[in-house]
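Novice: Please find one structure pasted underneath; my questions will follow.
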Amino acid sequence: MKLVFAGTPEVAVPALDALIASDRHEVAAVVTRPDAPAGRGRRLVASPVAQRAEEAGIEVLRPVRPRDEDFLARLREIAPDCCPVVAYGALLPKAALDIPAHGWVNLHFSLLPAWRGAAPVQHAILAGDEMTGASTFQIEEGLDSGPVYGVITEHVRTTDTSGDLLTRLAFAGAGLLSATMDGIEDGTLKAVPQPAEGVTLAPKLTVEDARVDWHVPALRVDRVVRGCTPAPGAWTVFRGERLKLVNVQLHPDRTELAPGELMVGKNNVYAGTGSHAVELLWVQPQGKKPMRAADWARGVRIAPGERLGAADVG
């Protein structure tokens, strides 16, 4: 089939690579979000998908809005058979959905109908799911509600951050998307409607969602830190400034600390929660690079009884 691939971030690149490598399909063009400012100089930088497409000599379309007539006209000219999608980042209008003969097929990082929305991997970790996966489905005008072509499953490890899990799903899902294109092309694959039961939503996490509440149980604190790493980044407050929490470890044997209360050992830093303590392994003070929590604690000289989250950001 002639394909137009739609995607934007790094997590979409493995799927693009798999389709470029396929001897059954041609990636005629790529659709991605417009170049965005990045880095200290805020220079405009092409998306990871755009960069990979340009390396491969593939035409790149960067519509400000997918409903723009110039974009729709070019898509009609290319006349793709199907448009595979991975984390494109914009809603597709019906005018675009109607152009390819086999529609637009999305690789979504959950076992639909669970975790429909922008942040399925983060919500799976926050909810304590032991199993997740990826699904390919036909895009329709509803939110991730179209019929499903195929799924793969993936265990959620107890140490997984959302970044770890998303990376595994990106590579495993690339094979699923490629196989889905093969099945659509040869007519062996039919999409099956999603069940009405089991629908959960996974909206994009806000910075406030990533703020750690030290009064909840330690298991919840651990899930927030892992689910919000690398983005939007779990955080708390220390002496009126934000402190990012990169990595923590559960310590069920330590129950003597009040919520947020810090205790510093020779090479360890513990914080109390609503149940037992967690050990802070890596933190990132405001305006600084990530560092070992023990090094941070030595530098700030924590006084007995000091707490995390005890005051608002100044």
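The values are calculated or read from the model by the stated rules, or taken from the named source; none is laboratory data. These numbers were taken from a predicted model, which means no experiment stands behind them. Neighbour counts run over all protein chains shown; Cβ positions are idealised from the backbone, glycine included. Heavy atoms of the whole protein, side chains included, go into the accessibility calculation; ligands, DNA and RNA do not. Shrake-Rupley method; radii C 1.70, N 1.55, O 1.52, S 1.80 Å.
Novice: Would you be so kind as to identify all helices of the chain, as entire DSSP H runs, whose Cα atoms reach 15 Å or more along the helix's own axis and whose mean Kyte-Doolittle hydropathy is at least -1.0?
Specialist: 162-186
Novice: Around Ala90, under 12 Å between beta carbons, what's the net of Lys plus Arg minus Asp minus Glu among the other residues?
Specialist: After counting each charged neighbour, the total is +3.
Novice: Tell me, what is the per residue accessible area of segment 194-314 in Å², probe radius 1.4 Å?
Specialist: With all protein chains present, segment 194-314 gives 54 Å² per residue.
Novice: Which loop trypsin sites (Lys or Arg not before Pro) in segment 20-75, with loop taken from DSSP, have no more than 10 other Cβ atoms within 10 angstrom of their Cβ?
Specialist: Here the trypsin sites (Lys or Arg not before Pro) that fit, given the DSSP loop and packing criteria, are Arg40, Arg42.
Novice: Ok, one more. With Cβ to Cβ distances under 13 Å as the rule, what net charge do the other residues near Val207 carry (K, R +1; D, E -1)?
Specialist: Computed value for this residue: +2.
Novice: Within the set of other residues whose C-beta is less than 12 Å from the C-beta of Gly287, count the net charge using Lys and Arg as +1 and Asp and Glu as -1.
Specialist: Charge balance near Gly287 sits at +3.
Novice: Still on this structure, please answer the following. Using amide H atoms built 1.01 Å from N in the peptide plane, name the residues 5+ places from Gly150, or on other chains, whose amide H lies under 5 Å from its own.
Specialist: Answer set, sorted by chain and number: Thr136.
Novice: Based solely on its DSSP helices, what 222 nm [θ] is calculated for the chain when runs of n ≥ 4 H residues each add -39,500 (n - 2.57) and the sum is averaged over all residues, nearest 500 deg cm²/dmol?
Specialist: When only DSSP H runs of four or more count, the value is -7500 deg cm²/dmol.
Novice: In segment 20-129, which chymotrypsin sites (Phe, Trp or Tyr not before Pro) are in a loop and have at most 15 other Cβ atoms within 10 Å, using DSSP for the loop call?
Specialist: Counting only loop positions with at most 15 other Cβ atoms within 10 Å, none of the chymotrypsin sites (Phe, Trp or Tyr not before Pro) in segment 20-129 qualifies.
Novice: Using a 10 angstrom Cβ neighbour count of at most 13 plus a DSSP loop assignment to flag exposed GluC sites (Glu not before Pro), which longest range of the chain is free of such sites?
Specialist: Excluding the exposed sites themselves, the longest stretch runs over 1-129.
Novice: By a straight-distance test (C-alpha under 20 Å), which aspartates and glutamates pair with Lys288 as possible cross-link partners, with residues fewer than eight away in the same chain excluded?
Specialist: Those aspartates and glutamates meeting the cut-off are Glu241, Asp312.
Novice: Can you give the accessible area per residue of segment 98-170, in Å², using a 1.4 Å probe?
Specialist: Normalised by residue count, the accessible surface of segment 98-170 is 38 Å².
Novice: How much of the accessible area of the chain, probe 1.4 Å, is carbon plus sulfur, in whole percent?
Specialist: Answer for the chain is 52 percent, counting heavy atoms of protein chains only.
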